[in-house]
1. When region 68-82 is examined, which residues are found to be under 24 Å from the mean Cα position of the chain (by Cα) and surrounded by fewer than 16 Cβ atoms within 10 Å (Cβ to Cβ)?
2. For T135, all conditions in the list (1) modelled with pLDDT of 90 or more; (2) more than 26 Å from D10 (Cβ to Cβ); (3) of a type in the set (S, T, Y) hold save one; what is the number of the exception?
3. Determine which single condition V182 fails, assuming it passes every other condition in (1) of a type in the set (A, V, I, L, M); (2) modelled with pLDDT of 60 or more; (3) open to solvent by 40 Å² or more (accessible area, probe 1.4 Å).
4. Which one of these is within 19 Å of the chain's Cα centre (by Cα) and surrounded by 15 or more Cβ atoms within 10 Å (Cβ to Cβ): S131, S63?
5. Just checking, how many residues over region 83-100 are open to solvent by less than 40 Å² (accessible area, probe 1.4 Å), modelled with pLDDT of 95 or more and aliphatic (A, V, I, L, M)?
6. Quick check on region 31-49: of everything there that is over 17 Å from the mean Cα position of the chain (by Cα) and at pLDDT 85 or above, which residue is surrounded by the fewest Cβ atoms within 10 Å (Cβ to Cβ)?
7. Can you find a residue that is at pLDDT below 90, open to solvent by 50 Å² or more (accessible area, probe 1.4 Å) and under 30 Å from D261 (Cβ atoms) anywhere in region 101-113?
8. Kindly list, by first and then second residue, each pair from a residue in region 244-258 that is in contact (Cβ under 8 Å) with a residue 24 or more places away in the chain and among the aliphatic types (A, V, I, L, M) to a residue that is assigned to a helix (DSSP H, G or I) and open to solvent by 40 Å² or more (accessible area, probe 1.4 Å), limited to pairs with Cβ atoms under 7 Å and residues at least 6 apart or on different chains.
Amino acid sequence: MRMGPGRKRDFSPVLWSQYFESMEDVVSAIINRIQCRIVALDLRGHGETKVRNPEDLSAETMSKDVGNVVEALYGDLPPPIMLIGHSMGGAIAVHTAVANLVPSLLGLCMIDVVEGTAMDALNSMQNFLRSRPKTFKSLENAIEWSVKSGQIRNLESARVSMVGQVKQCEGPASPECPKAIVEGIIEEEEEEDEDEEGGGSVNKRKKEDDTETKKEHLYTWRIELAKTEKYWDGWFRGLSNLFLSCPTPKLLLLAGVDRLDKDLTIGQMQGKFQMQVLPQCGHAVHEDAPDKVAEAVATFLIRHRFTEPIGGFQCVFPAC
């Protein structure tokens with residue numbers, strides 16, 4: 001993976017002030033299409049919110065967190081609410097809906113999460129997590145890795161989302177740090193043909209960069225997913241039937257139709273939920289194609305008369 005000097009794309013993180021002025025992600029794309037208010041939850045262990053037991057990431061606990069946030073925001077008279085979640089967040093949205101923790105719930109949307117596919121993926125999840133870099137030299141480095149590794153296909157989205165997925169290490173790296181501390185971060189020059197003198201200068205520069213890295217405060221993942229393995233089964237097992245059992249209108253957005261399992265295939269044929277496939281996207285559907293996701297969500301809400309369009313938005317209802 002070629003990373004480092006010579007890169008031409010802008011991998012710098014986006015400040016929140018600049019984000020609200022210029023960025024076009026799924027949140028801003030939705031509010032530009034329909035009348036609504038969007039609340040993005042800082043789930044325990046995933047952000048800067050402090051809780052008593054941040055290691056408890058069970059579906060039951062995080063579902064209660066969602067209900068508690070809604071209660072804290074709106075009291076006993078919450079407005080009509082639609083829950084939207086991606087991957088594990090989609091599973092938590094379903095568990096929240098089934099437990100009736102949001103009494104004013106009017107809609108439910110899962111983004112690229114299906115029980116069958118998720119359960120199959122859990123078998124290789126630890127190997128995937130071990131393949132990721134443990135640390136990054138900078139936020140730019142983390143953003144660059146996310147795009148070049150294919151985790152996120154939309155650079156503009158990665159400049160926003162990766163900032164929240166990593167945090168600065170508490171202390172500087174020491175000379176005793178294992179080699180894995182910067183694994184996956186390879187500094188290379190764009191020129192491939194160099195004479196011996198040039199090659200020597202590059203090696204010297206690499207050593208200087210390594211020394212400098214050890215003095216810096218590196219960035220690491222905000223949440224250690226490998227340590228949450230005991231909760232994985234509880235997030236996804238039985239998810240399809242739970243989703244189908246929710247009495248509210250439901251929307252399922254997928255990156256590919258091959259992700260459907262048996263229960264959801266039958267439910268979709270019976271018309272129990274609306275499904276839309278967004279091709280040419282990775283797992284981070286809402287980041288790779290924010291406009292398409294925003295259009296699907298906005299159209300869903302207008303179709304069920306939950307809101308009104310704004311800004312001349314013309315929705316195209318899906319065919320039967």
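The values are calculated or read from the model by the stated rules, or taken from the named source; none is laboratory data. Computed from a predicted structure; not experimentally measured. Ideal geometry is used to build each Cβ from the backbone, glycine not excepted, and the neighbour counts take in all protein chains shown. Remember, those area values only see protein heavy atoms, side chains included, never the ligands or the DNA or RNA. Shrake-Rupley method; radii C 1.70, N 1.55, O 1.52, S 1.80 Å.
1. Correct list: N68, L73.
2. Every condition holds for T135 apart from (2).
3. (2)
4. That would be S63, the only listed residue that is within 19 Å of the chain's Cα centre (by Cα) and surrounded by 15 or more Cβ atoms within 10 Å (Cβ to Cβ).
5. Qualifying residue count for the region: 6.
6. Ranking the qualifying residues of region 31-49, first place goes to R37.
7. Taking every residue of region 101-113 in turn, none turns out to be at pLDDT below 90, open to solvent by 50 Å² or more (accessible area, probe 1.4 Å) and under 30 Å from D261 (Cβ atoms).
8. L244/D263
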